[in-house]
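Undergrad: The structure under discussion is supplied below as structure tokens; questions concerning it will follow.
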Amino acid sequence: MGEFVATIHVRPKGEVRDPQGEAVAGALRALGFDVTDVRTGKEIVVRFAAADDEGARDAARTMGDQLLANPVIEDYAVELGAPTEAARG
Amino acid sequence: MKVAILLYPGTWSERDFAHAFGLLGIEHEIVWHADADLHGFDAAIVPGGFSYGDHLRAGAIAKLSPATRELRRAAADGMPILGSCNGFQILCEAGLLPGALVRNTHLEFRCDWVRMRVESEETPFTRGLGGELLRMPIAHGEGCWVADEDTLLRVESSGQVALRYVDERGTATPEANPNGSTANIAGLRNEAGNVLGLMPHPERCVEDLLGGTDGRRMLEGLGARTVIPA
């Protein structure tokens, strides 16, 4: 078993309105930037044990599907880091 | 008739429901989510609040609770289930109702009174109320119902839209919509009709002292008209 770090990026689907993004866009324009669009999301960093890269990637996807993202309104992407330790109990 | 009122960590409206059922003379019990066993109950309420602090998404963590597993089983058995506010959010997250509830389009938490028109009588909570205008309080920041185009068409064509925000004349206008919800949808039922979710709070308008009594009309349906399949 190794310890892995997965970063799950969750963002609203393209067709779902992102009022938080719209508010941030307005604020950035007030700062003088020529902003056309802002989309906001979440970054969730999970440290967990898995047998190997493939197992870790599968686990991270299952986390995304079952809890971290709501497929009705959100998409997510998994970024998997290298194992942080070679061997754990 | 005995009603289970589910209590998740962060639920805030369970006592209001208990008070309402007390006024209506309907037997009820507040049930802690981790111990939830709905055998022996005839109906279940998922009250409003902020289960698990609304962390991640409203209702996202509550959907993994033992109580929600029990709700799935009971819903499949035909038990009348009402989710209000955070309860509606939990029912959507759990897949018991379609779509999702997201941040109000104006980004404000809205605490106000709204009007709704009853669009479907096919629930134990709206039977006999078809076409009626109901006035109820809301208190939420994430009550904007959204879904993909296919889901929206399906809920509209199958009569699953149970309640719609309207003005005093019964017209669904943008001004009558407190949160930007798609097609002014305030409440949805499942296909079978035994599960109803709505953003407003029927338990907070059950006596004149509270400024209105329309919630009573929705909750008293449980006492008089519900038939539970064997």
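Undergrad: Using only Cα atoms, tell me the angle between helix A:19-30 and the longest principal axis of chain A; keep it within 0 to 90° and round to the nearest 10.
TA: So the inclination is approximately 60 degrees.
Undergrad: Say R0 is 22 Å: what FRET efficiency, to the nearest 0.05, do residue B:210 and residue B:2 get from their beta-carbon distance?
TA: E between residue B:210 and residue B:2, to the nearest 0.05, is 0.35.
Undergrad: Another question, if that's okay. What spacing in nm lies between the two simple spin-label points modelled at residue A:46 and residue A:13, each 7 Å away from Cα in the Cβ direction?
TA: A separation of 2.1 nm, rounded to one decimal place.
Undergrad: Please list, in order along segment B:154-162, the HN-Hα scalar couplings obtained from phi with the Karplus expression 6.51 cos²θ - 1.76 cosθ + 1.60 (θ = phi - 60°), rounded to whole Hz, x for Gly and Pro.
TA: Listing the rounded values in order: 5, 5, 5, 6, 9, x, 7, 6, 8 Hz.
Undergrad: DSSP loop GluC sites (Glu not before Pro) in segment A:1-71 with at most 11 other Cβ atoms within 10 Å of their Cβ, which ones? Don't jump to the answer; show the numbers that get you there.
TA: On the way: sites: A:3, A:15, A:22, A:43, A:54; in loops: A:15.
Counting only loop positions with at most 11 other Cβ atoms within 10 Å, the GluC sites (Glu not before Pro) in segment A:1-71 are A:15.
Undergrad: Here is a further query. Taking amide H positions as placed 1.01 Å from N in the peptide plane, with prolines and chain starts having none, which residues 5 or more places from residue B:83, or on another chain, fall under 5 Å of its amide H?
TA: Close amide H contacts, sequence-distant or interchain: B:46, B:196, B:197, B:198.
Undergrad: For segment B:192-198, take each phi angle, set θ = phi - 60°, evaluate the Karplus expression 6.51 cos²θ - 1.76 cosθ + 1.60, and give the result in whole Hz per residue in order, putting x for glycine and proline.
TA: My calculation for segment B:192-198 gives 6, x, 8, 10, 10, x, 8 Hz in order.
Undergrad: At 0.36 nm per residue, and after removing the present C-alpha to C-alpha distance, how many nm does the segment from residue B:175 to residue B:76 gain when stretched out fully?
TA: 31.9 nm
Undergrad: Now for a separate question. Mind listing P(r) for the protein assembly as shown? All alpha-carbon pairs, 20 Å bins, whole percents.
TA: Pairs per bin, as whole percents: 31, 53, 16, 1.
Undergrad: Which residues' amide hydrogens lie under 5 Å from the amide hydrogen of residue B:142, considering only partners 5 or more residues apart or on another chain, with H built in the peptide plane?
TA: Those lying under 5 Å, H to H, from residue B:142 are B:104.
Undergrad: Would you calculate the volume per residue, in Å³, of the smallest convex hull containing every Cα atom of chain A?
TA: Convex hull volume per residue, Cα atoms: 109 Å³.
Undergrad: Now for a different question. How much net charge surrounds residue B:33 when only other residues with a Cβ under 12 Å from its Cβ are counted (Lys, Arg +1; Asp, Glu -1)?
TA: Details: positive: B:63, B:69; negative: B:14, B:35, B:37, B:70.
Cβ neighbours under 12 Å give a net charge of -2.
Undergrad: Here's something else I'd like to know. Which residue fluctuates the most in chain B, going by a Gaussian network model with Cα springs under 10 Å, if the choices are B:170, B:40, B:53?
TA: Sorting by GNM fluctuation, first place goes to B:40.
Undergrad: Another one. What does the net charge come to around residue B:89 if you take all other residues with beta carbon closer than 9 Å to its beta carbon, with K and R at +1 and D and E at -1?
TA: Cβ neighbours under 9 Å give a net charge of -2.
Undergrad: Just to be sure I understand: with springs between alpha-carbon atoms less than 10 Å apart, which residue in A:32, A:14, A:41 has the highest mean-square fluctuation in the Gaussian network model of chain A?
TA: So, out of A:32, A:14, A:41, the one fluctuating most is A:32.
Undergrad: Using Cα atoms only, what is the angle between the long axis of helix A:53-63 and the major principal axis of chain A, expressed in degrees (0 to 90) to the nearest 10?
TA: With rounding to tens, the tilt is 50 degrees.
Undergrad: Same structure again: Within a Cβ distance under 12 Å of residue B:19, other residues only, what is the Lys/Arg minus Asp/Glu net charge? Before the final figure, lay out the partial values.
TA: Details: positive: B:15, B:204, B:216; negative: B:14, B:16, B:203, B:207.
Counting the neighbours of residue B:19, the net charge comes to -1.
Undergrad: Let me ask you something else. If I build a Gaussian network model for chain A, linking alpha-carbon pairs within less than 10 angstrom, which residue out of A:49, A:27, A:60 has the largest mean-square fluctuation?
TA: Greatest mean-square fluctuation among the candidates belongs to A:27.
Undergrad: Note down the relative contact order for chain A as a percent, whole number, built from C-alpha pairs under 8 angstrom at least six residues apart.
TA: Relative contact order comes out at 54 percent.
Undergrad: Taking the simple approach of a point 7 Å from Cα along Cα-to-Cβ for both residue A:82 and residue B:35, what is their distance in nm?
TA: 5.2
Undergrad: Here is a further query. For residue A:20 and residue A:33 in one chain, what is 0.36 nm times their gap in residues minus the Cα-Cα distance, to one decimal in nm?
TA: 2.9 nm
Undergrad: Next question, about the same structure. I'd like the Karplus ³J(HN,Hα) series for segment B:93-106: coefficients 6.51, -1.76, 1.60, θ = phi - 60°, whole numbers in Hz, and an x wherever there's a Gly or Pro.
TA: 4, 7, x, 7, 10, x, x, 8, 10, 10, 3, 3, 4, 8
Undergrad: Okay, moving on. Quick query: amide H of residue B:43 versus all other amide H atoms, modeled in the peptide plane; which residues come in under 5 Å with a sequence gap of 5 or more or a different chain?
TA: B:2, B:4
Undergrad: OK, next. Hey, could you pull the Cα Rg and Dmax for chain B, both in Å?
TA: Looking at chain B, its Cα Rg and Dmax stand at 15.7, 46 Å.
Each reported figure results from applying straightforward, stated rules to the coordinates on display, with no laboratory input. Predicted model, so just to flag it, every value in this text is computed and none were measured. Heads up, the Cβs are rebuilt from the backbone with ideal geometry, glycines too, and the neighbour counts pull from every protein chain shown.
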